[in-house]
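K.L.:
Once you've had a glance at the structure underneath, I'll fire off some questions.
The values are calculated or read from the model by the stated rules, or taken from the named source; none is laboratory data. Predicted model only: the values in this text are computed from it and were never measured. Cβ placement follows ideal geometry from the backbone for every residue including glycine, while neighbour counts extend to all protein chains displayed. What goes into the accessible areas is simple: the full protein's heavy atoms, side chains included, and nothing from ligands, DNA or RNA. Shrake-Rupley method; radii C 1.70, N 1.55, O 1.52, S 1.80 Å.
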Amino acid sequence: MKRVAFFMIQSALSLCSTARAESFIFSQKSRSFVLMIIVACVFILVGIAYFCIWNYKKTNSITIEVAVKSDKGNVRQNNEDNFFLNGRTMALQDMDNGAMLSQQCKKPLQIYAVCDGMGGEEAGEEASCIAVERLTELYSSLGHGMDTDIFKRWFVETSDDIFQKSQNNKRKSGTTIACCLWSNPKLYLAHVGDSRIYLFRNGELVRMTTDHSEVERMVKMGVITPEEASRHPRKHIISQYLGVSSSDVQLDPCIIEFPDLQDNDMLLLCSDGLTDMLDDNALQQILTKAESVQQATELLVKYALKAGGHDNVTV
């Protein structure tokens, strides 16, 4: 775009020079001279506009550095977690082996997600795989445009798809999801279930999501404390997830536009295999100690496994 702008400005100046030279030789062609001046001005204005747009896009682009690590943990025989990293996921047959990936991306459209499958055996794995496959379709179809209505429709359609497949297979399954979608210049955060999104900024960790669970509702009502909730026997019973029966429960994903993105902000997306093992204070201490995004991811999973690793953990 910058080259186009410079080319148009150069062409306009060349036209001006030509017009001026001809005006001295052929004074009777004053009309042609005026017309060429007008055309030259138009070329200059268009060139300036192109340059301003290019410069705006340059100054408003950001680089997102991301790392993901998934591990089946110390207790579970299979890994029902999956993730989406701009089109990169784990295939069903590779999930139990886990993964460690990292990348930097400057694209105007980026999607990241963590999915925690439910249902036991392969049912949970299949549900989380369907979710990331549907994210691949969304990622391919969006181009550069995005709004909350599109996102909400994706949640509902994906949930119905997972529910229908679980009905066909005669077994109940579903998956939570915590998702971050960057559509320049907007950032959207979305989730259903108890996979969480945190913001780490200037050494402080803030949870951006509220678990869709009865226990979390009791915390908000003041019936129990957060400490009591962490030990509650029903803390993993969730009211919202992808794969819920639409005839029983209306899916209501939490989708927010993140209003205040700043340089060096870190967003932590994780399954409950992390937050069951480590409280928010521990997460903050680990993120403060980490020197890079990749190191943060590795340390979080390492300490979750060291604390017991009772579930699959994906960060």
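K.L.:
Counting only residues that are under 25 Å from ARG171 (Cβ atoms) and basic (Lys, Arg), how many does the stretch 192-244 have?
P.N.:
Going residue by residue through the stretch 192-244, those that are under 25 Å from ARG171 (Cβ atoms) are 192-195, 211-214, 233-244.
If we keep only those that are basic (Lys, Arg) as well, we get 234-235.
Counting residues in the stretch 192-244 that are under 25 Å from ARG171 (Cβ atoms) and basic (Lys, Arg) gives 2.
K.L.:
Looking at (1) at pLDDT below 70; (2) β-branched (Val, Ile, Thr); (3) crowded, with 17+ Cβ neighbours inside 10 Å, which is the one condition that is false for THR59?
P.N.:
Among (1) at pLDDT below 70; (2) β-branched (Val, Ile, Thr); (3) crowded, with 17+ Cβ neighbours inside 10 Å, the lone unmet condition for THR59 is (3).
K.L.:
Counting only residues that are within 21 Å of ARG88 (Cα to Cα) and of a type in the set (Val, Ile, Thr), which one in the stretch 131-155 is surrounded by the fewest Cβ atoms within 10 Å (Cβ to Cβ)?
P.N.:
So the first thing to find is which residues in the stretch 131-155 are within 21 Å of ARG88 (Cα to Cα), and the list is 131-146, 151, 154-155.
Going one step further and asking which of them are of a type in the set (Val, Ile, Thr), we end up with 132, 136.
Details: VAL132: 25, THR136: 16.
The extreme case among them is THR136.
K.L.:
Related question: Looking at (1) of a type in the set (Gly, Ala, Ser); (2) in a helix (DSSP H, G or I); (3) modelled with pLDDT under 95; (4) closer than 23 Å to SER166 by Cβ, which one does ALA229 not meet, given that it meets all the others?
P.N.:
ALA229 satisfies all of (1) of a type in the set (Gly, Ala, Ser); (2) in a helix (DSSP H, G or I); (3) modelled with pLDDT under 95; (4) closer than 23 Å to SER166 by Cβ except (4).
K.L.:
Anything in the stretch 202-216 that is open to solvent by less than 50 Å² (accessible area, probe 1.4 Å) and part of a helix (DSSP H, G or I)? List them, or say none. It would help to see each step written out before you state the result.
P.N.:
Going residue by residue through the stretch 202-216, those that are open to solvent by less than 50 Å² (accessible area, probe 1.4 Å) are 203, 205, 209, 211-213, 215-216.
The answer is VAL215, GLU216.
K.L.:
Within the stretch 286-315, count every residue that is under 23 Å from the mean Cα position of the chain (by Cα) and in a loop (DSSP other than H, G, I, E, B).
P.N.:
Matching residues across the stretch 286-315 total 5.
K.L.:
Quick check on the stretch 165-172. Is at least one of its residues touching a Leu at 6+ places or on another chain (Cβ under 9 Å) and in contact (Cβ under 8 Å) with a residue 24 or more places away in the chain? Break it down stepwise before answering.
P.N.:
First, the residues of the stretch 165-172 that are touching a Leu at 6+ places or on another chain (Cβ under 9 Å): none.
Looking for residues that are touching a Leu at 6+ places or on another chain (Cβ under 9 Å) and in contact (Cβ under 8 Å) with a residue 24 or more places away in the chain, one finds none in the stretch 165-172, hence no.
K.L.:
Would you say THR158 is crowded, with 22+ Cβ neighbours inside 10 Å, among the hydroxyl-bearing types (Ser, Thr, Tyr) and in a helix (DSSP H, G or I)?
P.N.:
Working: crowded, with 22+ Cβ neighbours inside 10 Å: yes; among the hydroxyl-bearing types (Ser, Thr, Tyr): yes; in a helix (DSSP H, G or I): yes.
Yes.
For every residue, the table says whether it meets (1) farther than 14 Å from PRO253 by Cβ; (2) part of a helix (DSSP H, G or I).
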site	(1), (2)
MET95	yes, yes
ILE111	yes, no
GLU126	yes, yes
ALA131	no, yes
ILE162	no, yes
GLN167	yes, yes
TYR188	no, no
PHE200	yes, no
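K.L.:
Return the only residue of LEU283, LEU269 being modelled with pLDDT of 95 or more, part of a strand (DSSP E or B) and touching a Ser or Thr at 6+ places or on another chain (Cβ under 9 Å).
P.N.:
On the way: LEU283 fails: part of a strand (DSSP E or B).
One residue alone meets the criteria, LEU269.
K.L.:
Within the stretch 279-298, can you find the residues that are open to solvent by 20 Å² or more (accessible area, probe 1.4 Å), under 23 Å from HIS191 (Cβ atoms) and in contact (Cβ under 8 Å) with a residue 12 or more places away in the chain?
P.N.:
ASP279, ASP280, ALA282, GLN284, VAL293
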